[in-house]
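The values are calculated or read from the model by the stated rules, or taken from the named source; none is laboratory data. Here the structure is a predicted model, which is why all the values come from computation and not from measurement. Cβ: placed from backbone, ideal geometry, glycine included. Neighbour counts: every protein chain shown. Areas reflect the complete protein model, heavy atoms only, side chains present, ligands, DNA and RNA absent. Shrake-Rupley method; radii C 1.70, N 1.55, O 1.52, S 1.80 Å.
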Amino acid sequence: MCGITGILDKNLNRDGQRELILKMTSTLQHRGPDGWGIYLSPGCALGHTRLSIIDLSSGHQPMATEKYIISYNGEIYNYEEIRDSLKQKGVRFKTRSDTEVVLRAYEFYGKKCFPMFNGQFSMLIKDRISGDLTIARDRYGVRPLYILKNNGAYYFSSEMKAFDTINGLKRTINRSNMLTHALAWNTLDDATLFDNIRSLPGGTYEVYSSDGTVTNRRYYELGETEKCIPADYESAKEEFSALLNDAVRLRLKSDVEVGTYLSGGIDSSVITHLTSHHNNAQFKTFSVGFTDAEFDESKYQNEMSDKLNSDHLMLPVDYSLIDQTYLEASYHFERPVFRTAPVPLFLLSREVKNRNIKVVLTGEAADEILYGYDTYKELNMLRQWKENPGTGSIHGMIRQLYPHLQYFADPKKLGFIKMYYEDFLGDFDNELAGLNIRIKNNAIMASMFHREWGISFNREKLLEETKSILPENYGSWSLLQKNQFLEMKTLLSGYLLSSQGDRMSMAHGVEGRYPFLDHRLIEKIFYYPDSFKLSGFSHKHILRDSFRGTIPDSIIDRPKKPYTAPDLQSFHRDGAWTETASYFLSPERIAEYGIFDPGFVQRFCRKFINGLPVEIGYRDNMVASFILSAQMIQYWINNPKKHTLKEEIKTVEISDY
Amino acid sequence: MLENIKKLLLEFICRNFMVDENDVPQDRSLVDAGIIDSIGLIEISNFMEKEFNIMIDEEHLTRENFGSVEKMVNFIKRQMES
């Protein structure tokens, strides 16, 4: 992948501009260790760090034609088809790169090119004649693009750390957004955790005109394609498998070796299996293993790897490694996280890089588009309960929902869970859908923050904010489709793909590719009947059915086990908090950063004075990971790292002065 | 007796859920107040059974008995007396 930066500032002179774009770009070298380049012009500068994957010898950026300059981070998987089509229309190409295809496509089609791309991208395109800057992002927000507005100037970057190089600027946490983030796992729409920093929404582009106006246009929204329901379930399975297979095929296009992540779950097992169809040679697979059996999935990873005879690397991770790596990983994930799960992925991408692999295919997004999460089941259950109140079947449904939770061996405990779900009957089918459940589960988070913040959760405001991002046809969707939409806008794009996905792999210059995020696949199955995806309590039904017989049953029939890593146990060992945890949870640090209520943190720290309980609650794990990571985010803002670009790998410097 | 029950219950809630006593509403649902989640209610009921030596059956699991600290205190007292 790559890193991109940009500056729009009429008040910077050439030297000041050059100095700043170099500083900003220098912070993104981990994303692009193979080369870098800059573009300078009155009022506008662009920067680029490159991870070379296609056309290693040319394809340097920023790339120029007479009319346009581009700085782009991404892969367009159908770039060859688009190139052929453009060639037929008389367009001439100088390189073999996909970058040039994007540039020429933009030149030829203008903004209409964006929906043609099947891929993941963020890009900045400067019109050298008019002075306009157009920025765009892929449909689902796979590749990041942040925009900072400061004193009338705009700054753009793949990661927010580039903004820390701007003189006189220190990122400040927006308190209201922090609360939304804590409750819903992400802010909504284009908001980020920080004041004056936005994230360009997926599926949109913006034009910054030379006269100062900014316009945003959406070129794609989920569910926009006309409904085309297959004749029956069997045809659906065929259609689905064919599309998924093609999504994998496209994403294997590369001039460098491609590997896959193999977590032991069905999603990555299917992706790896399909990869083997297109790879004659042995290919590399990677996974994380845990010394703590509660988290370890290596049995299933090995099963798949043995079956496909892949060259498998399993990286063992223990509590102490997570503790030692958390601070460094937080430099990359750039926002508080609720789980330490991103950290092993950070460590894994380092191993991948050490084995000279730059691209991996992974199974993200299957849970969103195929109804893999428990929330889908819960919503279904609530809907049935509301339609048939007073039936005894609710107990049976709850038991099916939590087969692994030992609490429910005792039948009266079921009563509490029933009481818990009863509270949702009133609003589970409002615009927030499954977010209602997430917010309630996270409600404890609201009491952690500093009293002076004076913020409290405003459900009405969140409902209004949510309504403002809903497409016109939202009302016609089923409850589960609505939930898919919200999951993709919040948890997936804002957290799984960014903090846990892009940021963790790009920390070591490894590009993740996500076949389940092929828009043809997503659009095709969006209007499949819900029951194809969630049949009773059988989640991802069509996926499991389609690959039964090819993927081992032990993997097909595994209950949903979200990928997690040890949280609290990593930071509290042998009866005490670790050195890192003690430092960041200390009263001095808590007071200095001013994010959290000192009393709350003190009580939390004291809670484990007699050691950790055998069963650590969901809440305690979440609080530990969240508070520590938030403190670390503030630490990095206060102490930004300094970088310098390596002169010997500079590829281009283009100037329009 | 009620005062003693309340004292012990509040101590448990504050210790286990990391809240200050001043932040625990007496007459509102602890779940609605964001202090506990559903697993929290299970933890509280386990504590009640052990600490006060009472039996809690499925039929007791209602908002009338668990819908606030005051209601819980009254429920515990009733169970102890029965």
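Structure notes:
- With at most 16 other Cβ atoms within 10 Å, longest stretch of chain A clear of loop trypsin sites (Lys or Arg not before Pro) (DSSP): A:356-559
- Take every DSSP beta bridge whose two residues both sit in the protein assembly as shown; close to 70 percent of them are antiparallel.
- Listed residues A:T340, B:C14, A:S499: farthest to the positive end of the dipole of the protein assembly as shown (Cβ charges): A:S499
- Calculated log₁₀ intensity ratio I(q)/I(0) where the Debye formula runs over C-alpha points of the stretch A:2-47, q = 0.17, 0.18, 0.22, 0.27 Å⁻¹: -0.42, -0.47, -0.65, -0.90
- On the beta carbon distance between A:E422 and A:E615, with R0 = 25 Å, the FRET formula returns roughly 0.50.
- With all protein chains kept in place, the per residue accessible area of chain A amounts to 37 square angstrom at a probe of 1.4 angstrom.
- Pairs from A:K307/A:K353; A:K111/A:K237; A:K377/A:K467; A:K386/B:K50 whose Cα-Cα separation, in the structure shown, is over 27 Å: A:K111/A:K237; A:K386/B:K50
- Surface accessible to a 1.4 Å probe, A:T291 within the full protein complex, Å²: 100
- Calculated Rg and Dmax of the stretch A:218-317 using C-alpha coordinates, Å: 16.8, 49
- When the solvent-accessible area of the protein assembly as shown is split by element, carbon and sulfur atoms take up 47 percent of it, the probe being 1.4 Å.
- Nearest-10 value in Å² for the accessible area of B:K77, using the 1.4 Å probe: 60
- Label-point separation in nm, A:S58 to A:N458, each point 7 Å along Cα→Cβ: 5.5
- The helix-only estimate of mean residue ellipticity at 222 nm for the protein assembly as shown, built from DSSP H runs of length n ≥ 4 each weighted as -39500 (n - 2.57), is -12000 deg cm²/dmol after division by the residue total.
- Mean projected area (nm²) of the alpha-carbon convex hull when chain B is viewed from all directions: 4.8
- Rolling a 1.4 Å probe over the protein heavy atoms leaves B:E43 with an accessible area of roughly 50 Å².
- The HN-Hα couplings worked out from phi for the stretch A:552-560 by the Karplus form 6.51 cos²θ - 1.76 cosθ + 1.60 (θ = phi - 60°) are x, 4, 4, 8, 4, 9, 4, x, 4 Hz, whole numbers, x standing for Gly and Pro.
- Residues whose placed amide H lies under 5 Å from that of A:D311, excluding near-sequence neighbours: A:F283, A:K284, A:T285
- Other protein chain Cβ atoms within 10 Å, averaged over every residue that makes up A:532-539: 0
- If you plug the beta carbon distance of A:S554 and A:N279 into 1/(1 + (r/R0)^6) with R0 = 22 Å, you get a FRET efficiency near 0.40.
- Ordered by solvent-accessible area of protein heavy atoms (1.4 Å probe), largest first, the residues A:C228, A:C44 come out as A:C228, A:C44.
- Taking amide H atoms as placed 1.01 Å from N in the peptide plane, the amide H of A:G35 lies under 5 Å from those of A:R50, each 5 or more residues away in sequence or on another chain.
- Taking both sides together, the accessible area buried where B meets A is about 2400 Å² for a 1.4 Å probe.
- Helices assigned as whole DSSP H runs in chain A whose Cα atoms extend at least 24 Å along their own long axis and whose mean Kyte-Doolittle hydropathy is -1.0 or higher are found at A:233-251, A:618-638.
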